[in-house]
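Notes to accompany the following structure.
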Amino acid sequence: MDRRMKLILTIVSLLVFILLLWLAESYMDPFIKRILNVAAIYVILGVSLNLINGFTGQFSLGHAGFMSLGAYASALLYMSPALKATNFFIEPIIWPLSEIQIPFFFALLVGGAIAAVAGFAVGAPCLRVGGDYLAIVTYGFAEIIRVILNNLQNITNGPLGLKGLPTYTNLYWSWGWALFTIFFIKKLVDSSYGRALKSIREDEVAAEAMGVNLFKHKTLAFVIGAFFAGIGGGLLGSLLMTIDPNSFNISLTFQIVMIVLLGGLGSITGSVVMGVSIAFLMELLRFVESPMTIFGLTIPGISGMRMLIFALILVITVIFFRRGLFGQKEFSWDWIFRSKRRNAE
Amino acid sequence: MSPDVFLQHLVNGISLGFIFGLIAIGYTLVYGVVKLVNFAHGDVFMMATFFVFYGFTLFMMPWWLAVIFGIVVTILLGVGIERIAYRPLRDAPRISSLCAAIGMSFLIQNIATVVFGGRQKSFYVPPSLTTTFVIGGVRIQAITIATIVVSVIVLLLLTFLIKRTKMGLAMRALSVDFDTAKLMGINVNRTIAFTFAIGSALAALSAILWALRYPQIWPFMGVFPGWRAFTAAIIGGIGSIVGALFGGFMLGMVTILLVAFFPEAAGYRDAIIFVLLVVILLVKPTGLFGEKKSR
Amino acid sequence: MSLLKLEHVTKRFGGLTAVSDFNLDLQEGELVGLIGPNGAGKTTIFNLITNTYLVSEGKVILGGKDITGMKTDRITAEGIARTFQNIRLFGELTALDNVRTAFHLRLKSSVLSAVFGLPGYRKEEKEIDDKAMLLLKTLGLEKYKDDLAGSLPYGLQRKLEISRALATNPKVLLLDEPAAGMNPEETLALAALIMRIRKEFNLTVLLIEHDMSLVMSICERIVVLDHGVTIARGLPKEIQNNPEVITAYLGTGDLYA
């Protein structure tokens, strides 16, 4: 199949996808729309974590931390001064923040950028030492962020969180960002930079001996991953309308890690498929359980069963199906048509 | 601040430092032998308190028996985790065993949430441990002294075990050179299981001491002590027992003295410990007592 | 002209001196063999040249520039490439990608221009593709370009590792036991290959090898190490008859074992 044909197929399917988004946004039940939004956000998170964990072979557990940074930073920028004033009734918000309001899109970008900077500050020291420490340090980082958010009363409103956030997030925003994330990371891993990242995963010593600057490339993957996590957090915040320091806890990171592991470390396709599946599964399993919880994120005691099932699936996958659903395979038109032809024969 | 009060904080810091140190040794022992960050260690710690709790309330055991019961079941749990989740992946890429460890941590937390419920429970503290002694103007709780005494005894036993027994020799051999030790006929599976048993026993013991000090238990209680202890292990230099103990002391002191001198910053204590960790990684990545890499 | 110079290089691991006071002066275009019994410190010298191990004492100088303590990837960029004794390819990447990875260090385009496929990057990527294919062809690997490196047979993996090293555009090539595990015919072909690439790519080669027939047939000079100490240096003929060398090897067998 030639390149032009593939390009046409890609454009046609994109157009169909946008049409479907429009149909969904206009006619779909709000409940389903919500799940579809969450699905897109999970795709963003899964694909960006896969860049760090799957393609570069470093293991980060900081995604929830970066998300909360993105969510808080963007919310504080897109909330109106009046809304901030009503929220901060214990202690008023500090000056420049009390006046600023910028459009959603730019607020998201700033949120992502702040997450990326934090990613650099946390990642750089561990990445210099070795991959092992990254997991535990980022794990701690996510919890520390929670502690800080709880304590910075005049910036984050402390444990009260931010309430009544405007719902800017819709299917266009969420899936728009999801498509951009997929595009960006797919292009990156297929580029010369991507080969350098994968070479680090395969053999650090050899990669360095072939001239790959380990520190630069590990940090690159980590910062890009953190950026998209921040964007995902911003989108999620505006979707949930309420955020507090506990919205982004370690269970959320585990869910994202699960998306990556079940989909396959090093397969963007896998993360996309599992991101969407987990978003729906979370809802399906809710019917099994008590219907009391707030959407998917805060996990109070009663809803433990659902997470327990997920945890079991995760452990079984890790032990018995190490390569996940897709291994390192990716969707491509060639692959679809080849398998079709094989079936026809 | 009067010298009495300072001394009081010092003793408190030492006792807390011992608790962190005991948990940290669990991380360090396991890391030394199998080169794995045992993410589930903090959760094993948490489970120990529940075993004691249920031994006491549900099975109506006398308190001392509940403690022994708790330690024994925790050891079984720790060894079981290794058998089920880590052993099958021993020859797999390291990232796989790391994933398994993270998965086990997640699983245990959720099992605990479902079985024990998410709410905090009160851990029984024998009245004798809450009595306060006044020694020369310094007020010290019995539990603080008990913690120090128990820790010292345990550490002496541990030193004997590692330096003087065959099993200890096997552990040391594996941590120096896994493959060669294997060739020399060391029973790898048994030694690793034993290492996990010791690590879990230390986790159980420190968990009980912890719960006697802060008598509220819940399924996520292991996260922070576990994380701080791991930080202690890194600060001391992972793989080094003395280092783990020293790191534990350092964190115990930082925690207590911070609360004592800067109560308004107490909320940030974990953030400060985190910064400490990052600085250590930047300045002396192998930790204070760590072996230098051959680089 | 002197290209790579090692002056009084010493490496200690704790109390053990793995290499002591090692000196070497590689002239441009030379092919020098580094031999010695197992554990003599040959690979350690490679690791010291590339700063995989920190030099305890002494200097490494490349083309008049002191590169001691420079980061490994920078040293590669300066023009020293190596292969590994126990092949270290990127197993899950294709043969072509293994080679293309080694071109990455010369890439000028930024990350964003790579992601968005800007013309500058596209041109560079095209050049990388062409050069990588050319290299694979030179070593007769072109039909394996889409095979995963880890799934190639042993001999081809050795060759692929050499072509990957060549892709970094080195002045000096360090080969660590390239003939290990090869039969005599393969070794003969390898000798021819080394001579050919040396000419084609203007290389200076430092070769660690146990196969004495290979060393004696292609090396112009030989340095012999034992227990980290240089015990002899000279022309192949001189080395063959050097009593000290023979003694050093007696423990491990005949020189032509």
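The values are calculated or read from the model by the stated rules, or taken from the named source; none is laboratory data. Quick caveat: nothing in here was measured; it's all calculated off a predicted structure. Note: ideal-geometry Cβ built from the backbone for every residue, glycine included; neighbour counts use all protein chains shown. Quick note on the areas: whole protein, heavy atoms, side chains included, nothing else; ligands and nucleic acids left out. Shrake-Rupley method; radii C 1.70, N 1.55, O 1.52, S 1.80 Å.
The residue list A:I93, A:P125, A:T269 was ranked by how far each Cα lies along the charge dipole of chain A toward its positive end, using unit charges on Cβ atoms, and A:T269 comes out on top. Taking a straight Cα-Cα cut-off under 17 Å and skipping sequence neighbours fewer than 8 places away in the same chain, the aspartates and glutamates within cross-link reach of C:K145 are A:D190, C:E92, C:D97, C:E125, C:E127, C:D129, C:D130, C:E161.
Each pair of Cα atoms in chain A enters the Kirkwood radius, and Stokes-Einstein at 4 °C and 1.567 mPa s then converts it into a translational diffusion coefficient of 62 µm²/s.
Within the listed set A:I256, A:I231, A:I155, the Gaussian network model of chain A (springs between alpha-carbon atoms below 10 Å) gives the highest mean-square fluctuation for A:I155.
Would you mind telling me which residue in B:A266, B:A229, B:A201 has the biggest mean-square fluctuation in a Gaussian network model of chain B, where springs connect alpha carbons within a distance under 10 angstrom? It is B:A266. Classify the range B:1-67: rounded, prolate or oblate, from the alpha-carbon gyration tensor (a ≥ b ≥ c, eigenvalue square roots; a/c under 1.5 rounded; otherwise prolate if a/b is larger than b/c)? In terms of gyration-tensor shape, oblate.
With protein chains left intact and a 1.4 Å probe, residues in chain B average 43 Å² of accessible area per residue. With a 10 Å cut-off between alpha carbons and a GNM built on chain A, which of A:F105, A:F66, A:F227 moves the most? Taking springs between Cα atoms under 10 Å, the residue moving most is A:F105. Shape analysis of the range B:3-283 places it in the prolate category; the axes a ≥ b ≥ c from the Cα gyration tensor give an a/c of at least 1.5, with a/b above b/c.
Expressed as a whole number of Å, what is the distance separating the alpha-carbon centroids of the range C:9-54 and the range B:158-190? Computed from Cα coordinates, the inter-centre distance equals 33 Å. Taking only the Cα atoms of the range A:26-68, the radius of gyration and Dmax are 13.8, 42 Å. Averaged over the residues of peptide B:274-281, the number of Cβ atoms from other protein chains lying within 10 Å of each residue's Cβ is 5.
Coordinate range of the alpha-carbon atoms in the protein assembly as shown per principal axis, descending: 88, 75, 57 Å. In a reduced charge model with +1 at each Lys and Arg Cβ and -1 at each Asp and Glu Cβ, the range B:3-283 shows a dipole moment near 520 debye about its Cα centre. The portion of the accessible surface of the range A:1-150 made up by carbon and sulfur, rounded to a whole percent, is 74 (1.4 Å probe; DNA, RNA and ligands excluded). Counting only lysines at least 8 places from A:K163 when in the same chain, those with an alpha carbon closer than 30 Å to its own are A:K33, A:K84. Can you say what percent of the DSSP beta bridges in the protein assembly as shown, counting only those with both residues inside, are antiparallel? Round to 5. Of the beta bridges lying entirely in the protein assembly as shown, close to 65 percent run antiparallel. Rounded to the nearest Hz, the phi-derived 3J(HN,Hα) couplings of the range B:5-15 under the Karplus curve 6.51 cos²θ - 1.76 cosθ + 1.60 (θ = phi - 60°) are 5, 4, 4, 4, 5, 4, 4, 4, x, 4, 5, where x marks glycine and proline.
Chain B against chain A buries an accessible area of about 3900 Å², both chains summed, 1.4 Å probe radius. What residues does the range A:156-203 have that are buried by at least 40 Å² of accessible area in the full protein assembly compared to the chain on its own, 1.4 angstrom probe? Residues shielded by partner chains are A:F184, A:S192, A:Y193, A:R195, A:E202, A:D203.
May I ask for the angle, rounded to the nearest 10°, between helix A:214-240 and the longest principal axis of chain A, with both axes built from Cα atoms and the value confined to 0 to 90°? Helix A:214-240 and the main axis of chain A meet at about 50 degrees. Computed from backbone phi with θ = phi - 60° and the Karplus coefficients 6.51, -1.76 and 1.60, the 3J(HN,Hα) list for the range B:159-168 is 4, 4, 4, 7, 8, 10, 9, 5, 4, x Hz; x is used for glycine and proline.
Kirkwood analysis of the Cα pair distances in the range A:178-271 returns a hydrodynamic radius of 15.0 Å. Taking the longest Cα principal axis of chain A as reference, the axis of helix A:171-190 is set at about 50 degrees. With a 1.4 Å probe and every protein chain kept in, tell me what percent of the accessible surface of chain B is carbon plus sulfur. The C+S portion of the solvent-accessible surface of chain B is 70 percent. Of interest is the spacing of the C-alpha centroids, which for the range A:56-121 and the range B:29-69 amounts to 40 Å. Straight-distance candidates among the lysines for linking to B:K166, with alpha-carbon spacing under 20 Å and chain neighbours fewer than 8 residues away dropped: B:K182. Once you've got the Cα coordinates, tell me which of A:K218/C:K131; B:K35/C:K65; A:K187/A:K218; A:K187/C:K137; A:K218/C:K108; C:K42/C:K137 are over 29 Å apart. From A:K218/C:K131; B:K35/C:K65; A:K187/A:K218; A:K187/C:K137; A:K218/C:K108; C:K42/C:K137, over 29 Å: B:K35/C:K65; C:K42/C:K137. Neighbouring Cβ atoms from other chains, within 10 Å of the Cβ of residues in C:105-112, number 3 on average. In the range C:1-57, taking the dipole from charged Cβ atoms about the Cα centre, the farthest positive-side position among C:N38, C:M1, C:L24 is held by C:N38.
Nonpolar atom fraction for the range C:78-160, defined as the carbon and sulfur part of the 1.4 Å probe accessible area, stands at 56 percent. Converting phi to 3J(HN,Hα) with the Karplus coefficients 6.51, -1.76 and 1.60 and the offset θ = phi - 60°, the range B:96-112 yields 5, 5, 4, 4, 4, 5, 5, x, 5, 4, 4, 5, 5, 4, 6, 4, 4 Hz in sequence order, with x at every glycine or proline. Look at where the Cα atoms of the range A:160-187 and of the range C:150-210 average out, and the two centres are 51 Å apart. The C and A chains share an interface that buries close to 2600 Å² of accessible area, total over both sides, probe 1.4 Å.
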